[in-house]
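Quick notes on the structure that follows.
The values are calculated or read from the model by the stated rules, or taken from the named source; none is laboratory data. Just so you know, these numbers come straight off a predicted model, no measurement behind them. Every residue, glycine among them, receives a Cβ derived from its backbone with ideal geometry; neighbour counts consider all protein chains shown. Calculation scope for accessible area: heavy atoms of the full protein, side chains included, ligands and nucleic acids excluded. Shrake-Rupley method; radii C 1.70, N 1.55, O 1.52, S 1.80 Å.
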Amino acid sequence: MQSSLTRFVKQSPHWAMALLAILLVSFYWFVWAEERYVSRATVVLESPQVATPEFSLSSLMGGGGGNTADLLLLREHLLSVDMLRLLDEQLGIRQHYSEHGDLFARLRDPNVPIEDLHQYYLRRVEVELDEYAGVLNIYVQGYTPEFAHSMASLLLEAGENHMNEMGHRLADEQVRFLERQMVRLEERFDETRARLLEFQNEHGLVSPTSTVESINQVVATLEADLARFQAQRNALASFQSAQSAELRQVERNIEALRDQIVEQRDRLAQATGNSLNRISAEYETLELQAQFAQETYSSALAALENTRLEAARQLKQVSVLQSPLMPEYPTEPNRLYNSTVFAIITIFLAFILSMMIMIIKDHRD
């Protein structure tokens, strides 16, 4: 038996090494490797925003992938160094992973740099994104069921707080920006209204534009009367003398109307002084400025309210579909799977090496 084994080792050292490696690795997985408990949780991000669902082929094929970007952000945060520091501060993961586990699986030094601790953390915490269902599956490995459950619960709590803080911070920044704009626009609106009131009080006119329109109507009426009296004068002149009392009365009426028309027109337009057309133009400019300021202020006020509502709709809430499981028995490591995979790979490599040795021998012969 011993000679046969010796002969086998001498003839096929690579196969002997492969079998020895398989035995050693199988011994490690089935005997030496310490068991680990896995706590699993499943979460989804929800928003109070209500949208009408679109029925299309892409929506059917895409499943619930509307929050994929937010879920990826949540995943990155759960696997980040910041999350690792929080877990270490509240749960003491350095102590747990360094005091438990076998020689190859434990954290060798509790005082390792944060970079090395993070690499170890990524081997014990797994966060998978199910793009079709739109959920995150969180797996946490611990050497005690209580620690695995506590770590998964803290991950969910910290992740939800982080996502809500991000949403609140963005919403607060938008609202604060619009509130600052509101203050500036309100001051501008008050200033334009004050200038308009001051102008009205200075000239004693509530609406110079309306006054101009009224004067134009008066002038039009006077011109119509003037035309009527001129026609009457022409009719009287055809059969009366110029010294007749009736014709002279008509002439006086015509002169009075002409003077009145000139006076009203002078009120509307003068080369110098505060004519109504100039006052009206200045008033219209001030009125337009006040209207523009009012409309801008109203639009900003509506935008502020819409932004507050939209910010509330965009807040994300981490909803737990599967609460962190309190494991009742260890599921890691998967001893049979790990041993089988290692044995298959080792046998495959040994077979390749055996083929290469045979080819080399054939070329030598």
* **Theoretical gain in end-to-end length, residue 231 to residue 76 [0.36 nm per residue, Cα-Cα removed]** => 46.2 nm
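Among residues other than residue 227 whose Cβ falls under 12 Å from its Cβ, what is the net charge (Lys/Arg +1, Asp/Glu -1)?
Counting the neighbours of residue 227, the net charge comes to +1.
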* Name the long-range amide H neighbours of residue 331: under 5 Å, sequence gap of 5 or more, or other chain; modelled H, no Pro or chain starts. => 36, 38
* Nearest-10 value in Å² for the accessible area of residue 358, using the 1.4 Å probe -> 100 Å²
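Full extension from residue 68 to residue 351: what is 0.36 nm times the residue separation minus their Cα-Cα distance, to one decimal in nm?
Extending this stretch completely gives an extra 97.4 nm.
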